[in-house]
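These notes concern the structure reproduced below.
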Amino acid sequence: MKPFEELSYLGRVRRMRQVAQAALNAYGLSGARFTLLRQAGNTLFKVNELNPTSAPGNAFDRPGQYLLRIHQPGYQTREAIELELAWLRAMRLEADLPVPEPVATLEGSLLIQVSIPGVPGQRNCSLLRWLKGRSVTRGIRPEHYEAQGRLMAGLHNFAALWQPPPGLAKRKYDWDGLFRDDAGAGLPASEAWSLLPQEYLRDFEVVAGKVKEVMDAWGKDPDVYGLIHADLGLDANVLFWGGEARAIDFDDSGFGYYVYDLSLALEHCQEDEGLPRFREALLNGYAQVRSLPDDHLKYSDLFLAAFCVYLSLWAAAMAHTHRKYKDELLGRMERAYRLAVRLAANY
């Protein structure tokens, strides 16, 4: 049998379909149809029951439709995925929040490990109900951001009160998590600093220093720090249904400051002339559900600058370990540098 690493793209897909079939058997969906959505990072399949007989969930879901995730080896620990699934399930069952609901196997597990000949190692697999909704890419209006603000406030309210199961942990978006640890590039950020263009270093070090002062002053009280999505923007991972926002793809979620989460919601539109209206709408929506101290909200641009530094460190590490993407990554770093300098200028 040909080694997995030597297969063509289609050859790898065929092997991953075998993994998917074995996983679906464990969920009692052996006869379901499934189609590949993506094989980059996690391998994702959309699953359709031929004759849906399972419980349809509530009005959030499309009955008989699921997302099967074959998790990327080495990106998240098993404990991190289990925490994500426990959190998602709790948000749905305890707070009726519009997030994907994990599905348990016939034996009651939310996460399983699948091993088949020809695919190295064991693959972690999870199944989520398919959330109704559509992404908005055109005609974005302030009311979309207002709805997103309400959604994020609901997620943060729940995170502030929910106690994660003991023994489970996820990545952290604190100072070390942003500027020292490995964010999935195979090289710790602490080593990536030396790979940055020299002209970026001084400004990025200033941003990191200012962020450390703020984080040290705030501490990690549950009212300001907890589980966050960490990638929730209208350009990705926000769906709309009936005028309300819904959140998908919690793969990069972790523990961080709620203001950091809010700041990322506006990252994609920083060069849009509608930014002031979008920001006002986002914060208005958030305030309808949850309040944050004014002296925290005023640091949102600084936290977005911190993300720009974090993104640049990740890109520098990726360019070092995956040279074929170097030009694209350098372009992302250049934009991040421009934003970071502008955003941090008033602090």
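Residue count for the range 21-50 satisfying the condition of being over 18 Å from Leu106 (Cα atoms) and either part of a loop (DSSP other than H, G, I, E, B) or at pLDDT below 90 (or both): 4. Within the range 217-231, if we keep just the residues that are in contact with a helix residue (DSSP H, G or I) (Cβ under 8 Å, 6 or more places away or on another chain) and either in a helix (DSSP H, G or I) or touching a residue at least 60 places away in the same chain (Cβ under 8 Å) (or both), the residue that is farthest from Asp251 (Cα to Cα) turns out to be Trp218. Just give me the residues in the range 232-250 being surrounded by fewer than 24 Cβ atoms within 10 Å (Cβ to Cβ), modelled with pLDDT of 95 or more and in a loop (DSSP other than H, G, I, E, B), in sequence order. Scanning the range 232-250 gives Asn237, Ile248, Asp249. For the range 271-330, residues that are under 14 Å from Glu146 (Cα atoms), in a helix (DSSP H, G or I) and either not acidic (Asp, Glu) or not assigned by TED's automatic domain parsing to the domain that holds His229 (or both) total 12.
Tell me, please, whether a residue that is farther than 16 Å from Asp249 by Cα and not hydrophobic (A, V, I, L, M, F, W, C) can be found in the range 36-43. Within the range 36-43 (the criterion being farther than 16 Å from Asp249 by Cα and not hydrophobic (A, V, I, L, M, F, W, C)), the answer is no, since none of the residues qualifies. Leu266: closer than 26 Å to Phe204 by Cα and surrounded by fewer than 17 Cβ atoms within 10 Å (Cβ to Cβ), yes or no? For Leu266, the condition - closer than 26 Å to Phe204 by Cα and surrounded by fewer than 17 Cβ atoms within 10 Å (Cβ to Cβ) - is not met.
For Leu110, the criteria (1) outside the structural domain of Ala80 (by TED's automatic domain parsing); (2) among the aliphatic types (A, V, I, L, M); (3) not in a helix (DSSP H, G or I) hold in every case but one, which is (1).
The values are calculated or read from the model by the stated rules, or taken from the named source; none is laboratory data. All values derive from a computational prediction rather than experimental measurement. Neighbour counts run over all protein chains shown; Cβ positions are idealised from the backbone, glycine included.
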